[in-house]
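Visitor: Below is the structure I would like to discuss, written out as structure tokens.
Just so it is clear, none of the values below were taken in a lab; they were calculated from the coordinates. All values reported here derive from a predicted model rather than from experimental measurement. Glycine gets a Cβ as well: all are built from the backbone with ideal geometry, and neighbour counts include every protein chain shown.
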Amino acid sequence: MSYADEVFISVCREILANGVWDTDRTVRPRWADGASAHTVKLFGVVNRYDLRREFPAMTLRRTAFRSCVDELLWIWQKKSNDVRQLGSHVWDAWAGEDGTIGKAYGYQLGVKHQYSDGWYDQVDRVLKDLRENPASRRMVTNLFNHHDLYEMGLYPCAYSMTFNVSGSTLNAILNQRSQDMLTASNWNVCQYAVLVHMLAQVSGLEAGELVHVIADCHIYDRHVPLVEELIRREPRPAPRFVIDPAVTDFYAFTPGSVRLEGYEPWDFQGKIEVAV
């Protein structure tokens, strides 16, 4: 069975059994009808995925793999904030009149910073260190730039990556300030698992562990029945991850460069409302 399913079931059960509700507080998110979108949450959830053993795609419901890879490359490769460059419409609710989400996500990765040996954006700096200085303990990216928060359509949720090479293995930590378990949990895990695989391949390394650290791990009130339905299901086998071995340049990857084989998730007909 898929280990990602086991993690999802375990975390959701713990949230529903022992989580803290925020119904006694005023909250920012709203449902489409204007009602407050309250949550039940756990603080400080840490999940580990060994990418050498299996790819962490859940099977309790389908994760739109190609769309999540398209979004990953939109942020990390195109370094874009323009939602019109995305194949999906997941960011439309946060876009401004100019079609962008402001100085958020990809914009931050594309800004060049001065280092002792030159000017690099955050992605290019990581790529350089992975190839030339893999023993570095300074391979960190950060999207939560306080100087620009007021110009962001949405504060970044998955905001920081720390990369670390052990021997010939690339490991990474994904830090996330907020995680909507039903809507985006496995979406984010799949994205950053793909990123580790891609960076490892172009750096001559093997993908190792992805550690996912979540500060506020929650389920929205209107999502509780849907989550309860999912966690009653029996997990199915994890799919096999395939990456085009011919790609040696990170900027040459496309959504079609990676795929899942044998991915047979449960059918899910429930409508998932998104709080904004």
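Visitor: Size of the dipole of the chain about the Cα centre, Lys and Arg at +1 and Asp and Glu at -1 on the beta carbon, nothing else charged, in debye to 20?
Guide: 280 debye
Visitor: While we're looking at this one, here's another question. Along the charge dipole of segment 123-231, which of A184, P225, I214 sits closest to the positive end, that is, farthest toward it, with unit charges on the beta carbon of Lys, Arg, Asp and Glu (+1, +1, -1, -1)?
Guide: Positive-end residue among those listed: I214.
Visitor: For segment 209-276 and segment 27-76, what is the separation of their Cα centres, given in Å?
Guide: Between the Cα centre of segment 209-276 and that of segment 27-76, the gap is 7 Å.
Visitor: Find, to one decimal place in angstroms, the Kirkwood hydrodynamic radius of the chain, where the mean of 1/r is taken over every pair of different Cα atoms and then inverted.
Guide: Values: mean 1/r = 0.0512 Å⁻¹.
Across the chain, the inverse of the average 1/r is 19.5 Å.
Visitor: For segment 192-207, take each phi angle, set θ = phi - 60°, evaluate the Karplus expression 6.51 cos²θ - 1.76 cosθ + 1.60, and give the result in whole Hz per residue in order, putting x for glycine and proline.
Guide: Karplus values, whole Hz, x for Gly and Pro: 7, 5, 4, 4, 4, 4, 5, 5, 5, 4, 6, 10, x, 10, 9, 5.
Visitor: Additional query: Tell me the volume per residue, in Å³, of the convex hull enclosing the alpha carbons of segment 158-276. Don't jump to the answer; show the numbers that get you there.
Guide: On the way: hull volume 16.7 nm³, N = 119.
Convex hull volume per residue, Cα atoms: 140 Å³.
Visitor: So what are the ³J(HN,Hα) numbers for segment 86-102, from phi and the Karplus equation (6.51, -1.76, 1.60; θ = phi - 60°), rounded to whole Hz, Gly and Pro as x?
Guide: Calculated HN-Hα couplings, in order: 9, x, 9, 10, 5, 9, 4, 5, 9, 7, x, 5, 8, x, 10, 9, x Hz.
Visitor: Taking the simple approach of a point 7 Å from Cα along Cα-to-Cβ for both W94 and L154, what is their distance in nm?
Guide: In this crude spin-label approximation the distance works out to 0.4 nm.
Visitor: Moving on to the next point. Taking θ as phi - 60°, what are the ³J(HN,Hα) couplings along segment 47-54 by the Karplus curve (6.51, -1.76, 1.60), each to the nearest whole Hz, with x for Gly and Pro?
Guide: Per residue, the Karplus-derived 3J(HN,Hα) values read 10, 10, 10, 8, 6, 6, 8, 6 Hz.
Visitor: If I stretch the segment between V247 and Q85 completely, what's the gain in nm (0.36 nm per residue apart, minus their alpha carbon distance), one decimal?
Guide: On the way: separation 162, 0.36 × 162 = 58.32 nm, distance 2.24 nm.
This chain segment gains 56.1 nm when fully extended.
Visitor: Right, next: For each pair in K103/K128; K103/K271; K41/K78, compute the distance between the two Cα atoms and list the pairs where it is over 28 Å.
Guide: Working: K103/K128 24 Å; K103/K271 31 Å; K41/K78 34 Å.
Over 28 Å apart, Cα to Cα: K103/K271; K41/K78.
Visitor: Let's test the formula: R0 of 35 Å, r as the Cβ-Cβ distance of V274 and Y120. What FRET efficiency results, to the nearest 0.05?
Guide: Numbers: r = 35 Å, r/R0 = 1.01.
Between V274 and Y120 the formula returns 0.50.
Visitor: Any chance you could give the angle, 0 to 90 degrees and rounded to 10, that helix 122-132 forms with the longest Cα principal axis of the chain?
Guide: Taking Cα atoms only, the helix is inclined about 50 degrees.
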